[in-house]
Amino acid sequence: MNELLLALLATLTAVVLVGLSLPLARSLGIVDRPGVIKIHTLPTPRFGGVGIVASVLLWG
């Protein structure tokens, strides 16, 4: 049961931190801009992994 609770807390923490990091990345200009070899058409934040890593470090 403890492992399930830990996994749930880690997942929820990651979702919240990624959700907070995306607007921060846009405001700081940490985005991947569309180009010739890119498949996206809008600037895409490149900062979401920070929330995932922080969650793993916090709960792992």
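Residue check: is A54 of a type outside the set (F, W, Y), in contact with a strand residue (DSSP E or B) (Cβ under 7 Å, 6 or more places away or on another chain), part of a helix (DSSP H, G or I) and modelled with pLDDT of 90 or more? Here the answer is no, as A54 does not meet what is asked. One residue alone among G51, G60 is surrounded by fewer than 12 Cβ atoms within 10 Å (Cβ to Cβ) and either of a type outside the set (A, V, I, L, M) or under 13 Å from the mean Cα position of the chain (by Cα) (or both), and that residue is G60. Here L12 clears all of (1) modelled with pLDDT of 90 or more; (2) of a type outside the set (D, E); (3) surrounded by 15 or more Cβ atoms within 10 Å (Cβ to Cβ) except the condition numbered (3). H40 meets all of the listed conditions (1) part of a helix (DSSP H, G or I); (2) of a type outside the set (A, V, I, L, M); (3) free of Cβ contacts under 8 Å to residues at least 40 places away in the same chain but one, namely (1). Across the range 25-48, the number of residues qualifying as open to solvent by 80 Å² or more (accessible area, probe 1.4 Å) and of a type in the set (S, T, Y) comes to 2.
The values are calculated or read from the model by the stated rules, or taken from the named source; none is laboratory data. Keep in mind that what you see is a predicted model, and the values were worked out from it rather than measured. Here the Cβ is made from the backbone with ideal geometry for all residues, glycine too, and neighbour counts use every protein chain on show. Only protein heavy atoms, including side chains, enter the accessible area calculation; ligands, DNA and RNA are left aside. Shrake-Rupley method; radii C 1.70, N 1.55, O 1.52, S 1.80 Å.
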